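Student: Handing you this structure, nothing more for now.
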Amino acid sequence: MVSESDIEHIAELADIGISKDEVPEFTTQFNAILDYFEVLDTVQGESAPAAGITNVFREDEPRPCLSQEAALANAGSTENGFIKAPRVM
Amino acid sequence: MAGTLDFSPDDRYNAFITTCLEVPFGDGALAGTAVAVKDNISTTGIRTTCGSRILEDYVPPYDAHVVELLREKGAAIVGKTNMDEFGMGTTTETSAFGPVRNPVDPTRVPGGSSGGSAAAVAAGFVPMALGTDTGGSIRCPAAFCGIVGLKPTYGRVSRYGLVAYANSLEQIGPMARTVEDASRLMSVIARYDPRDSTMLDRPYDHRPSADIAGLRIGIPEEYFGEGVDPRVAETVRDAIGILEGLGADTVPVSIPGMRHALAAYYVICTSEASSNLARFDGVRYGPAVDTRKTWHEAYQELRHERFGAEVRRRIMLGTFALSAGYAGRYYAKAQVARRNIRQDFERALRDADIIAGPTMPTVAFRLGEKTDPLSMYLSDILTVPANLAGIPAISVPCGRVDGLPVGLQLMGRQFEDERVVDAAFAYEQEVGA
């Protein structure tokens, strides 16, 4: 079971934003889903590395890529050929 | 052969988010064939929204591999189809661009999440379309709209240029009115692409054959049990009877891991989604964010405003399932359950060549009928196992209940897409679809 304050905490971790009036419904729905997930407690077996699968590697060589103009075309704010982002600190 | 195709459908089902009125096309196997593309597959110069407000104005600067292949073969890409937001839904009602209506009965949903592609095909706007299938999103709408839909083996079609939702589960696949057209589209899109590192070089070059004499069809009891409308089960059993009449044999098989399939699926897909959708921050694409605010403020505000409730719910569920203290109970267990299910299918597919069952437990729901998320999730129970196992699965129309289409689902061994296509073709030819 998760509480309403857990839901607010998860929304904060997930950076999705949640308004006060949405919290009760999200909490109820979340708990119904988590109740259903409890069936996973009965899963038998230990995790084992996947067999028969190998990683696919390639050389780290420069290859053609998007032009700067194309790469910036969808950005909401740009400045001098760079993407402008909100401040982090 | 090259030319221009005029395309102006009366889109009364809201199947399209974007339509292209005059479409130039080239020479090739699909020259001049109108093909609709689900709106989570990148198309240079044509906006690609994923059914979301957050990508409302996003115009990709590159084509997905499957789109390059379509263009090379002369297909006319006539539009981008409506879908559940980021593929998260079973009805196409979570689209930010409004729900799609089922052409068979416009008071019903077309299924989802590739509901726009299914409706466009079922309404006759296009002969074929691309969908994507993470947990049933090609097969469910194919079943509900009475068309054919194939989820290829994982690794057979490149995901390069597909906007990711749950990478380890999803595949792009063909949807069409006939098995032959679905197979034709599959032979265009299943070509090796080194840009998708989960791909294997197993091109699909196949013409369907209706000869299924001696084919062993596994019937899993779990696909005909609780939660499946008995009339749907009966219709599907009758369809299997027709395959027997064509010389196939049936054998009982069992997929005991089915009891964990749905929970495992929702833990895995939401976990992958919580990571994948973190990229939608409004910085590199999307509407401009207020750069005077702090990162978290601006980010949360944008995502609250631009993501729909189901997308936010799934991001939160995945965040929770991966969080410290819970990852062992949810994510790790789900991976074990997934491996068990894959082994169940491997075992069953030693006694049988293909496995048959219904695609969906019911016929199409009424618009607005599924309001509670969990009850919506439960309707995916028969489709998610093929995604967890990575095996090919096709849905072919096999009759009606209450005037609404029912889909026969045929699943096969990894990389034996040809075999499920043949069985579907044999059925379709026999009943004269």
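Every number in this text was worked out from the coordinates using simple rules, so none of it is lab data. This one's a predicted model, so the numbers in the text were calculated from it and none came from an experiment. All Cβ positions, even for glycine, are placed from backbone atoms using ideal geometry, and neighbour counts span all protein chains on display.
Student: When every alpha-carbon pair in the range B:321-423 is counted, what percent end up more than 16 Å apart?
Tutor: Counting pairs separated by more than 16 Å, the tail of P(r) holds 66 percent.
Student: Now a separate question. For the range B:48-63, what does the Karplus curve 6.51 cos²θ - 1.76 cosθ + 1.60, with θ = phi - 60°, yield as ³J(HN,Hα) per residue in whole Hz, taken in order and with x for Gly and Pro?
Tutor: Rounded to whole hertz, the list is 9, 9, 6, x, 10, 5, 6, 10, 3, 10, 7, 10, x, x, 8, 8.
Student: Bin width 10 Å, alpha-carbon pairs only: give the P(r) of chain B as whole percents, running from 0 to the bin holding the largest distance.
Tutor: 5, 24, 34, 26, 10, 2, 0, 0
Student: Still on this structure: What is the angle, in °, between the Cα long axis of helix A:23-37 and the longest principal axis of the Cα atoms in chain A? Nearest 10 is fine, range 0 to 90.
Tutor: 80
Student: At 0.36 nm per residue, minus the direct Cα-Cα distance, what do A:Thr28 and A:Ala70 gain on full extension? Give it in nm, one decimal, please.
Tutor: That works out to 10.7 nm of additional length.
Student: Taking amide H positions as placed 1.01 Å from N in the peptide plane, with prolines and chain starts having none, which residues 5 or more places from B:Lys370, or on another chain, fall under 5 Å of its amide H?
Tutor: Distant-sequence amide H within range of B:Lys370: zero hits.
Student: Just list whichever of A:Lys84/B:Lys73; A:Lys20/B:Lys293; B:Lys38/B:Lys293; A:Lys20/B:Lys370; B:Lys293/B:Lys370 have alpha carbons separated by over 32 Å in the model shown.
Tutor: Beyond 32 Å between Cα atoms: A:Lys84/B:Lys73; B:Lys38/B:Lys293; B:Lys293/B:Lys370.
Student: Taking amide H atoms as placed 1.01 Å from N in the peptide plane, list the residues 5 or more away in sequence, or in a different chain, whose amide H sits under 5 Å from that of B:Gly218.
Tutor: B:Val251, B:Asp353, B:Ile354, B:Ile355, B:Ala356
Student: Can you tell me the Rg and the Dmax, both Å, for the Cα atoms in the protein assembly as shown?
Tutor: Cα-based Rg and Dmax for the protein assembly as shown come out at 22.2, 71 Å.
Student: Which of the aspartates and glutamates could a cross-linker bridge to B:Lys333, judged by Cα under 16 Å and excluding same-chain residues fewer than eight apart?
Tutor: Answer for B:Lys333, where 16 Å is the Cα cut-off: A:Asp35, A:Glu38, A:Asp41, A:Glu46, B:Glu272, listed by chain and number.
Student: Using a Gaussian network for chain B with springs between C-alpha atoms less than 10 Å apart, which of these wobbles most: B:His65, B:His206, B:His296?
Tutor: B:His296
Student: List the residues, sorted by chain then number, that are 5 or more residues from B:Arg108 or on another chain and whose placed amide H is less than 5 Å from its amide H.
Tutor: When sequence neighbours closer than 5 places are left aside, the close amide H contacts are B:Asn102, B:Leu367.
Student: Still on this structure, please answer the following. Mind jotting down a quarter of the surface of the convex hull over the alpha carbons of chain A, in square nanometres, one decimal?
Tutor: Answer in nm², one decimal: 12.5.
Student: Provide the per-residue ³J(HN,Hα) series for the range B:156-171, in order, calculated from phi with Karplus coefficients 6.51, -1.76, 1.60 and θ = phi - 60°, each as a whole number of Hz, with x at glycine and proline positions.
Tutor: Result, ordered by residue: 9, 10, 5, 9, 4, x, 8, 5, 5, 10, 9, 3, 7, 10, 8, 9 Hz.
Student: Averaged across the residues of B:318-326, what count of C-beta atoms belonging to other chains lies within 10 Å of each residue's C-beta?
Tutor: The shielding value for this peptide is 3.
Student: Could you give the dipole magnitude of the range B:87-216 about its Cα centre, charging the beta-carbon of Lys and Arg +1 and that of Asp and Glu -1, in debye to the nearest 20?
Tutor: 80
Student: How much net charge surrounds B:Thr18 when only the other residues with a Cβ under 13 Å from the Cβ of B:Thr18 are counted, with Lys and Arg +1 and Asp and Glu -1?
Tutor: With Lys, Arg at +1 and Asp, Glu at -1, the net is -1.
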